[in-house]
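Nothing in this text is a laboratory measurement; each read-out follows from the coordinates by a stated rule. From a predicted model like this one, the values you see are computed outputs, not experimental measurements. Backbone-built Cβ (ideal geometry, glycine too); neighbour counts: all protein chains shown.
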Amino acid sequence: MKIATWNVNSIRARQERFLSWLGTAAPDVVLLQELKCQEKEFPFEPIQALGYHAVIHGQKTYNGVAIVSRSEPQDVERGLNDGAEDPQARVIAATCDGIRVVSVYAPNGQSVDSPAYVQKLEWYGRLRRYLDRRHTPRDALVLGGDWNVAPEDIDVYDPAAWEGQTLFSAPEKAALKALVDFGLVDTFRRLHPDVQKFSWWDYRMLAFPKNRGVRIDHLYATEPLAATCVANDVDREARKGKQPSDHAPVWAQFER
């Protein structure tokens, strides 16, 4: 089973690019982030024409997440549903072929001295409690998305320059680790402990051709499922060409 995650940075702006990639890459499940659209604007019909079902948690202009799957998603849940007032569409979960998949778009945090940064750390705590309420580490569970955190030095092109900055600050890394400590495995790092690959490159300063990127898009799985992961990669080719997303898709192949 091939599961991918991709922050498309506006599905309307990247629709043709996404559909072309979907037809070529042929994943079984795709977790999408930053749709920047409501449900009425999402391209359900062309996705269905390629043999996929889709469920979304949309929001006007900002955020938005979706699950696109060959099998029809079951038991769909939108949001963290923890009673907190939260209008941002950042989480959607569903069961696809017996695997619970969660598409996650973590807050960016803006800058380390901003209220948004504090809210980001709090949001990570909410997500951990979401897992604790619904799952155990023995479940067949995959969380994929744009986490807006690079976990290790190898995950940024210049650790010294990034030190203390948003996406790579110590509190953010600690918040992500607290989530992963639920019982999750970084599937890419499990198979490639020493490989440096990035998933996001700034649109500015020729960051992509110079490969000045960071790895902030991850596919996490519980150990029973991670043990069956036989291949994974970053699809850097999908970042090339005209009007790309600033993120590349990340995928993992599971044998069950």
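Compute the signed sum of charges (Lys and Arg +1, Asp and Glu -1) over the other residues within less than 12 Å, Cβ to Cβ, of Lys197.
Computed value for this residue: -1.
If R₀ is 25 angstrom, what is the calculated FRET efficiency for the pair Asp194 and Asp139, using the beta carbon separation as r and rounding to 0.05?
My answer for the efficiency is 0.25.
Not counting the cut sites, what is the longest span of the chain without GluC sites (Glu not before Pro) that DSSP labels loop and that have at most 11 other Cβ atoms within 10 Å?
86-254
Where the centroid of each part is defined by its Cα atoms, how far is segment 1-68 from segment 191-223 in Å?
The two parts, judged by their Cα centres, are 21 Å apart.
Using just the helices of the chain, give the 222 nm mean residue ellipticity in deg cm²/dmol: DSSP H runs with n ≥ 4 each add -39,500 (n - 2.57), and the total is spread over all residues, rounded to 500.
Using -39500 (n - 2.57) per qualifying helix, the result is -6500 deg cm²/dmol.
List residues of segment 170-185, by number, whose backbone nitrogen lies under 16 Å from a label position 7 Å along Cα→C-beta of Leu121.
Correct set: 170-179.
Excluding residues on the same chain fewer than 8 positions from Lys240, give the lysines whose Cα lies under 24 Å from its Cα.
Partners within reach: Lys2, Lys36, Lys197, Lys210.
Can you list the HN-Hα couplings for segment 182-187, worked out from phi with the Karplus curve (6.51, -1.76, 1.60; θ = phi - 60°), rounded to whole Hz and with x for Gly and Pro?
So the J values, rounded to whole Hz, are 4, x, 9, 10, 6, 5.
Just Ala238, Ala84, Ala221 to compare: in a GNM of the chain, with alpha carbon springs under 10 Å, which one fluctuates most?
Looking only at Ala238, Ala84, Ala221, the biggest GNM fluctuation is shown by Ala84.
Within the set of other residues whose C-beta is less than 10 Å from the C-beta of Trp162, count the net charge using Lys and Arg as +1 and Asp and Glu as -1.
For residues surrounding Trp162, the net value is -4.
How would you classify the chain from its alpha-carbon gyration tensor, with a ≥ b ≥ c the square roots of the eigenvalues: rounded for a/c under 1.5, else prolate if a/b is greater than b/c, otherwise oblate?
Verdict is rounded for the chain.
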